[in-house]
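J.: Please read through the structure below; I'll follow up with questions.
The values are calculated or read from the model by the stated rules, or taken from the named source; none is laboratory data. Every value quoted in this text rests on a predicted model; they were computed, and no experiment measured them. Cβ sites come from the backbone with ideal geometry, for glycine too, and all protein chains shown count toward neighbours. For accessibility, only protein heavy atoms count, side chains too; no ligands or nucleic acids. Shrake-Rupley method; radii C 1.70, N 1.55, O 1.52, S 1.80 Å.
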Amino acid sequence: MEIEKEVKKMALGHEFGAGAACLKCKDKCEGFELHFWRKICRNCKCGLTEHNVQMDTEENKKVGKLFEDTKYTGLIAKLKKDGIPSYNANMITITLPAPATAHVIPPSASSTLVLPAAAAGVVQPAAAATGAAPSAAPSAAAAAVSATVTPVRANTVPVHTGTTSANVVPVPKGAPMKSVTYEWAPPVANKHLAVRYIELLPPEKRPVAGTEGAVYRRQQMARQLPEHDQDPSKCHELSPAEVKKMQQFVRKYKEEALGVGDVLLPEEMALVQAGGEPGPGVPPGGPGSGPGAPAGTAGGAAASGFRPGSAPAAASGLKGPTGAVVGPGGTGPGLGQSAEFGPTGGATGTTSTAGAMGGAGLPQQNYSCQHCGQPMRLGEPAVYAERAGYDKLWHPACFVCCTCKELLVDMIYFWKKGKLYCGRHYGDSEKPRCAGCDELIFCNEYTQAEGHNWHLKHFCCFDCDCILAGETYVMENDKPVCTPCYMKSYAVKCSSCKNPVDPEAQRVSYGDHHWHAEPQCFQCSGCTKCLIGQRFMAVQGFLFCSVECKKKVLP
């Protein structure tokens, strides 16, 4: 009975995505058919991510399992029907005023700050979003509020005096709004901070639903976090000893390396480190009090589920680094020049940037990116990694794997010896990876060939899966192929006899033409003279020993 269950489970697993069209091969592929251990399509040899397969549910389960039994359980939820943890990917629709809806009058001319009311920017789950702008703001948050800010010059240090009043004016009901759905956004309560983070990513990598950036995120999710690096049931025929070693490996990296980046303004982080009161983007427990943090963490963070960069949705009266008070109408960081949201060169921001409106976007020499070494700009968010220590920070576009240089998908990182890794390359730094099945190798015996590591049972012909140990093979496109498959599918053909040329046979090549290095093949097409070791001319696939012979065949 148990055997029947396992066979059924395996069959269902290989039915996943069956028949899906290949986005790379188009009509050349008959449809996705999963190879039983290579993690590729049997028909076209492309991976699952290169086929039109909707994998949101499967990916969320995979990442949910990754965060299971870690401090990041606040990012997952267990499904009632099966108890499987599922990742909350934070797919949201953010509605903000369209460009030029809000603006700032420079402090030198006036102390009037014009920005939208609290309800002008709406964050809602993507599933409930309609894309239409809200017709009216909730009455409780629509009223104008006053905040104390200190206008300063661009080249001076912000100093709070508490003498200047800023009048906050709500956006008219009919003001144009813009809604954008993101397949993922940083899990921060401040929508402006989340939007600004995404704006600082390369355009082709922004996870906006329906764009190449969303496709990029899904591909990197599959590439950087392979499920067979964490789940023994997704691997091919592991022995009990290998399963035990893999479980120990997974437990070790969850305890020592796995982390999720925090998005925060450097100014606010500096305030926390200096022992001041946290700004609107910082939880009471300070940095490191992430979702699902163990009981007893500072500030009761475990109970509230805060992360750095988040704050209660209804928080009011919080103090920023300048000491200015933000009421219910307070919004995100200074957005600076933006093509999509917020004012041009404006500062619809928290008081951490409001006190330095004149200097928004200027380099801050005290805060330099760990990756590129360039200074952070005032009012722009940075990414922090708890395992690296909060004295280190990265530009959003610089939070990348040290090996593949790709953005760390959903800011999920692995920290080792002072470097950030994606899941795949962290695994590669710890264990050899089989070039056949793409799994990490946990057994004692394996082979090395052509610069790669292989399970003994997986050093097979890429076409027919026959074992190649002790056999002659040819490397084709960095994959081992047995001689029969090479002769059938890859061997060049002799321009004379039209038969394939054996990989071990001697041959003569000239441009795109090839001949067996034998008298009956490499000979003059006019007089049949053997041309091996002789001068010759090749014209339209013919060989000639002289101009006279050429004229006989090609007048």
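J.: Full-extension gain between MET487 and VAL547, please, as 0.36 nm times their residue separation minus the C-alpha to C-alpha distance.
T.: Length difference between fully extended and current span is 18.1 nm.
J.: Can you compute the radius of gyration and Dmax for the stretch 507-552, using only the Cα atoms, both in Å?
T.: 9.6, 26
J.: Non-local amide H neighbours of MET177 (under 5 Å, H modeled in plane, Pro and chain starts lacking H): which ones?
T.: It is ALA98, by chain and number.
J.: Just the number, please: carbon plus sulfur as a percent of the accessible area of the stretch 459-554, 1.4 Å probe, no ligands or DNA/RNA counted. Can you show the working numbers first?
T.: Details: 2780 of 5810 Å².
Whole-percent figure for carbon plus sulfur exposure: 48.
J.: For a quick check: with amide H placed at 1.01 Å from N, whose amide H comes under 5 Å from ALA382's, ignoring anything fewer than 5 positions away on the same chain?
T.: So ALA382 has HN proximity to LEU264, LEU265.
J.: From the phi of every residue in the stretch 235-245, what ³J(HN,Hα) in whole Hz does the Karplus formula 6.51 cos²θ - 1.76 cosθ + 1.60 yield, where θ is phi - 60° and glycine or proline is x?
T.: Computed from phi, the couplings for the stretch 235-245 are 9, 9, 6, 6, 6, x, 5, 5, 4, 5, 5 Hz.
J.: Could you report the stretch 507-552's accessible area per residue, 1.4 Å probe, as an integer in Å²?
T.: Each residue of the stretch 507-552 exposes 64 Å² on average to a 1.4 Å probe.
J.: Same structure, new question: Run down the lysines and flag those whose C-alpha is under 16 Å from the C-alpha of LYS551, throwing out any fewer than 8 positions away in its chain.
T.: LYS529
J.: Can you tell me the convex hull volume per residue for the stretch 424-505, based on C-alpha atoms, in Å³ to the nearest whole number?
T.: Each residue corresponds to 98 Å³ of Cα convex hull volume.
J.: Using the heavy atoms of the protein chains and a 1.4 angstrom probe, tell me the accessible area per residue for the stretch 455-505 in square angstrom.
T.: That works out to 55 Å² per residue.
J.: If you don't mind, there's one more thing I want to ask. Thinking of the stretch 368-510 as a set of Cα atoms, what percent of all their pairs are more than 19 Å apart?
T.: Numbers: 6667 of 10153 pairs.
Summing the P(r) of the stretch 368-510 above 19 Å gives 66 percent of all pairs.
J.: Going down the table (LYS234/LYS254; LYS45/LYS431; LYS24/LYS61; LYS245/LYS457), which pairs top 22 Å between alpha carbons?
T.: Violating the 22 Å limit, Cα to Cα: LYS45/LYS431; LYS24/LYS61.
J.: Magnitude of the Cβ-charge dipole of the stretch 178-235, K/R +1 and D/E -1, about the Cα centre, nearest 20 debye?
T.: Using Cβ point charges on Lys, Arg, Asp and Glu, the stretch 178-235 gives about 260 debye.
J.: Next question, about the same structure. Please give the solvent-accessible surface of LYS550 in Å², to the nearest 10, using a probe radius of 1.4 Å with every protein chain present.
T.: 70
J.: Over the Cα atoms of the stretch 460-509, Rg to Rh with Kirkwood Rh, two decimal places?
T.: Working: Rg = 11.5 Å, Rh = 11.4 Å.
With Rh from the inverse mean 1/r over Cα pairs, Rg/Rh is 1.00.
J.: Could you grab the relative contact order for the stretch 192-247? Cα pairs under 8 Å, six or more apart, rounded to a whole percent.
T.: Here the relative contact order equals 17 percent.
J.: At 0.36 nm per residue, minus the direct Cα-Cα distance, what do ARG535 and SER429 gain on full extension? Give it in nm, one decimal, please.
T.: 32.8 nm
J.: When only C-alpha pairs under 8 Å and at least 6 residues apart count, what is the relative contact order of the stretch 507-552, in percent?
T.: It comes to 29 percent, rounded to a whole number.
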